[in-house]
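Report on the structure given below.
The values are calculated or read from the model by the stated rules, or taken from the named source; none is laboratory data. This is a predicted model, so every value here is computed, not measured. Cβ placement follows ideal geometry from the backbone for every residue including glycine, while neighbour counts extend to all protein chains displayed. SASA here: full protein model, heavy atoms, side chains in, ligands and nucleic acids out. Shrake-Rupley method; radii C 1.70, N 1.55, O 1.52, S 1.80 Å.
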Amino acid sequence: MRILVVDDDPDARTLTVRALGQEFPEAEIDQAMDPASLDAAVARASLQLLVSDYDLRWGDGLEVLALVKAAHPDCCSVMFTGTGNEEVAVRAMKAGFDDYLVKSPAQLRRLSASVRLTLERRDTLRRLEEGRELFRKELYHRLHNNLQIVISLLRRTAKRLADPDARQQLDDLGRRIQSLSLLQEEFYRSDDPGAIEIDRHLARLAESLSGLAPNVDIEADLQPVRIPVDIAAPMNLIANELITNALKHAFPDGGSGRIVLSLRNEAEGVSLSVADNGAGLQPGALESSMGTE
């Protein structure tokens, strides 16, 4: 562990370093008494703890915290000052300090305890966050596996049906669920559980549907767009229906052609379009399709 003590009073700084050294004998403790030494300390490797005075001849503790957090965002921080008051304490906590102590001989003992509690609280929060992330990924993984099982059951059931219309409906349902499964993979990969790169998902969706009409090329003209999860699911289903309908009905008798899937991030919102150079919509062709609803 590396600790940085920032104080322009050499006596106070020495007492602080001594107290922290007794509490954390294995720690490496750096000292900063002016801007140059502070910059040098911040530029070094990872920093776990900052202990800073508030009133410095060349600045204040809030500026020190901002500088440290910019380089070491996970660094814990305690303000240890002899010139503060309640207003300073409030400002310090709002700025991001984990604790605030007023300098005195008695408070040196409390400083060590405060630092230890601050570090323990950070470790606890980190473990909770790691556990939450692990749970999220495990949940997505299990849901993805369950969707694959459902798709497999639908395919097996469809093969046993004699009615071609019934088989077609089950095949369509399976493709819709498969599109949701692909979307679930994007949730799993995303660093942000609340949003995904929908352009990347739509490209994979188009590729997965291309086998419906081998003679038809699907061109994906997709701008990078990140959207919330609650919008991604319906957009996925809409894109799936539009592409599927074009593949099944725009090129009768196995004809060749091209479909263009377009995604644009415009000022008024995200624009999704599917266009083709096929035969056009035939009367009654989509009477039973979700894509017309």
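Data overview
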{"item": "Positive-end residue, region 25-90 charge dipole about Cα centroid, Cβ charges, pick of G61, F80, V90", "result": "G61"}
{"item": "Dipole magnitude of region 169-281 about its Cα centre (Cβ charges: Lys, Arg +1; Asp, Glu -1), debye to nearest 20", "result": "160 debye"}
{"item": "Radius, Kirkwood style, for the chain when every pair of distinct Cα atoms is counted (Å)", "result": "24.1 Å"}
{"item": "Choice from N145, N240, N85 showing the highest fluctuation, given a GNM over the chain with Cα pairs closer than 10 Å", "result": "N85"}
{"item": "Amide H contacts under 5 Å for L56, placed H, 5+ residues apart", "result": "G61"}
{"item": "Rounded to whole Hz, the Karplus (6.51, -1.76, 1.60) HN-Hα couplings of region 134-149, x for glycine and proline", "result": "4, 5, 4, 5, 5, 5, 4, 5, 5, 5, 4, 4, 5, 5, 5, 5"}
{"item": "Extreme residue, positive dipole direction of the chain, given options A162, A36, L237 (C-beta unit charges)", "result": "A162"}
{"item": "Relative contact order for the chain, counting Cα pairs under 8 Å that sit 6 or more residues apart, in percent", "result": "10 percent"}
{"item": "Distance between region 119-194 and region 1-56 - C-alpha centres, whole angstrom", "result": "49 Å"}
{"item": "About the Cα centre, charge dipole magnitude for region 54-173 (Lys/Arg +1, Asp/Glu -1 at Cβ), debye", "result": "480 debye"}
{"item": "Accessible-area composition of region 80-231, carbon plus sulfur, in percent [1.4 Å probe]", "result": "54 percent"}
{"item": "The chain: angle of helix 86-95 to the longest principal axis, Cα-based, in degrees nearest 10", "result": "40 degrees"}
{"item": "Phi-based couplings in Hz for region 163-180 (Karplus 6.51, -1.76, 1.60; Gly and Pro marked x)", "result": "6, x, 5, 5, 4, 5, 5, 5, 4, 5, 4, x, 5, 5, 5, 5, 5, 5"}
{"item": "Descending Cα extents along the principal axes, region 89-219, whole Å", "result": "88, 32, 19"}
{"item": "Expected 222 nm ellipticity per residue - DSSP helices of 4 or more, -39500 (n - 2.57), all of the chain, to 500", "result": "-18500 deg cm²/dmol"}
{"item": "Lysines with Cα under 25 Å of K248, excluding same-chain neighbours fewer than 8 positions away", "result": "K159"}
{"item": "Among E207, E138, E63: highest mean-square fluctuation, GNM of the chain, C-alpha pairs under 10 Å", "result": "E63"}
{"item": "Share, in percent, of DSSP beta bridges within the chain that are antiparallel, nearest 5", "result": "35 percent"}
{"item": "The chain - charge dipole about Cα centre, Lys and Arg +1 at Cβ, Asp and Glu -1, debye rounded to 20", "result": "1080 debye"}
{"item": "Helix axis angle, 61-71 relative to the chain longest principal axis, alpha carbon, degrees", "result": "40 degrees"}
{"item": "Farthest positive-ward along region 14-157 dipole, Cα basis, beta-carbon charges - from T14, A71, H141", "result": "H141"}
{"item": "3J(HN,Hα) from dihedral phi, region 28-36, Karplus parametrisation 6.51/-1.76/1.60, rounded to Hz, x for glycine, proline", "result": "9, 10, 9, 10, 10, 10, 7, x, 5"}
